[in-house]
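K.L.:
Provided herewith is a single structure, encoded as structure tokens, for subsequent inquiry.
Bear in mind these aren't lab numbers, they're just calculated from the coordinates by the rules spelled out. Being a predicted model, the structure only gives us computed values, none of them experimental. Here the Cβ is made from the backbone with ideal geometry for all residues, glycine too, and neighbour counts use every protein chain on show.
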Amino acid sequence: MTVMRIRSFALVVLVLALGVAGSPAAQTKTTRAVGPVTAAVRIDLFSDFQCPACKALHEQTIKRVKEEFAQTGKIRLVHHDFPLPQHKYARPAAILAAAADRLGKYDAVADALFHQQESWGQSGNVDAVVDSVLTPEERKKLREIAKDPAILANIERDVQLGERMKVGSTPTMIVTHDGKPNPIVGVVSYPVFSKYLNTIVGP
Amino acid sequence: MIRRAALALRVLLGAVFIYAAYTKLRQSWLLFALSIDSYQLLPEWAVFTLARTLPALELVLGVLLVAGVWLRYLSVVAAAILALFFSVMIVSYFRGAGIDCGCFGVGEPLSLKTLVRDGVLLLAALTLVLLARARSLTTKARHEGEALEARRDY
């Protein structure tokens, strides 16, 4: 009888755990991936915080795509880090942004990094830019999280994924629809890109 | 010799134009619009107009080049189009923006490789212009010679 009770309890716990994992709250834990996993269109964006074209794409197009397509559930948008070797500070910037994601501050940090790209791209003072959008407590936590080797490992995994997907330059978006990936290279404007997305996401 | 070289060049260029058109026509025209848009040189309406018309133009030009009709004029058109592409690519490459070449479908970044490839095609088209002109002059001279012979015989 006791064994039966334990089994039933374990089953209930398992069902609840699966339910939580599948809920929207669990899916939105990271803001690097926005939109439902089941969306018919998926965009994998490979970007480098120190690349000027990535800044232009982020500011002119991606922010609106995120608001109007990903947050409304029409598409799934996933950010991947692809720091290029010629950009000396792109990797430290990616590490701090990934650490900020664990604090729920990815968007604020990414916006600040792109916005002030020219200054930290020259001085290398990435920390000052990141700190400007965090509270003193968050800064302390961020420094601890940034030391986690899993952060760097995830970035390496993103780079390897990009190489497997034949990403040759940044920014590159791989738009997958009906199982077919279409690479879109460079900066595209929101009006043209949204027209394309509207034709594939349907009504 | 001139005839054979002109034949080889027009078939090569014609095939390249047909292939370029095929890669664009087999996918959504909006994907090609995104490639054109990535050059950040044209307004939205021009991007859409070019994306809808350029693949058809490339196809017609390619077929006519392979067929060898109006070669003297079409070789100039092909050279002019390639010169336009090449200059836009050069400017964009040195501007340093991440750009989709858009040459043969989507997803090929503008690089030194794409510049060299387009440069070689432009050289081929310019050579074809010269060969087509030389061939036309040779044919004209031969016709004039034949006419003169015929008049003398008469």
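K.L.:
With +1 on each Lys and Arg Cβ and -1 on each Asp and Glu Cβ, and nothing else charged, work out how big the dipole of the protein assembly as shown is about its Cα centre, in Debye to the nearest 20.
P.N.:
For the protein assembly as shown, the charge dipole is close to 840 debye.
K.L.:
Moving to a separate point now. Per DSSP H run of at least 4 residues, take -39500 (n - 2.57); add these up for chain B, divide by its residues and hand me the 222 nm value, nearest 500 deg cm²/dmol.
P.N.:
One gets -28500 deg cm²/dmol as the mean residue ellipticity at 222 nm.
K.L.:
May I pose another question? Mind jotting down the distance between the C-alpha centroids of region B:72-91 and region B:1-32, whole Å?
P.N.:
With region B:1-32 and region B:72-91 each reduced to a Cα centre, they are spaced 13 Å.
K.L.:
May I ask for log10 I(q)/I(0) of the protein assembly as shown at q = 0.06, 0.08, 0.09, 0.14 Å⁻¹, from a Debye sum over the Cα atoms as equal point scatterers with solvent left out?
P.N.:
Values, matching the q order: -0.34, -0.53, -0.63, -1.13.
K.L.:
Further, regarding this structure: Using a/c under 1.5 as the rounded threshold, could you call region A:88-159 rounded, prolate or oblate? The axes a ≥ b ≥ c are square roots of the C-alpha gyration tensor eigenvalues, and prolate needs a/b larger than b/c, oblate otherwise.
P.N.:
The shape class here is oblate.
K.L.:
Turning to a different aspect of this structure: If you place +1 on the Cβ of every Lys and Arg and -1 on the Cβ of every Asp and Glu, how big does the dipole about the Cα centre of chain A come out, in debye to the nearest 20?
P.N.:
With Lys and Arg at +1 and Asp and Glu at -1, about 600 debye.
K.L.:
How high is the relative contact order of region A:35-201, in percent, counting Cα pairs under 8 Å that sit 6 or more residues apart?
P.N.:
36 percent
K.L.:
What's the percent breakdown of Cα-Cα distances in chain A across 10 Å bins, shortest bin first?
P.N.:
Each 10 Å bin holds this share of Cα pairs: 8, 31, 33, 17, 7, 3, 1.
K.L.:
Report the net charge of residues surrounding residue B:108, where surrounding means a beta-carbon distance below 13 angstrom and charges are Lys +1, Arg +1, Asp -1, Glu -1.
P.N.:
Charge balance in the 13 Å sphere: +2.
K.L.:
Can you pick out the pairs among A:88/A:147; A:105/A:195; B:24/B:113 whose Cα atoms lie more than 27 Å from each other?
P.N.:
Where the Cα-Cα span goes over 27 Å, the pairs concerned are A:105/A:195.
K.L.:
Still on this model: Quick one: dipole size for chain B, taken about the Cα centre, charges +1 on Lys/Arg Cβ and -1 on Asp/Glu Cβ, in debye to the nearest 20.
P.N.:
Charge dipole of chain B: 500 debye, to the nearest 20.
K.L.:
Quick one: what does P(r) look like for chain B with 10 Å bins over all Cα pairs, in whole %?
P.N.:
11, 35, 29, 14, 6, 4, 1, 0
K.L.:
Nearest-5 percent of antiparallel DSSP beta bridges in the protein assembly as shown?
P.N.:
Within the protein assembly as shown, antiparallel bridges account for around 70 percent of the total.
K.L.:
What number, rounded to the nearest 500 deg cm²/dmol, is the helix-based mean residue ellipticity at 222 nm of chain A, given -39500 (n - 2.57) per DSSP H run of at least four residues and division by all its residues?
P.N.:
Helix contribution divided over all residues of chain A: -15500 deg cm²/dmol.
K.L.:
Now for a separate question. Give me the percent of DSSP beta bridges within region A:35-201 that run antiparallel, rounded to the nearest 5.
P.N.:
Bridges in region A:35-201 are about 65 percent antiparallel.
K.L.:
Of A:114, A:193, A:103, which is farthest along the charge dipole of region A:87-203 in the positive direction, counting Lys and Arg as +1 and Asp and Glu as -1 at C-beta?
P.N.:
A:193
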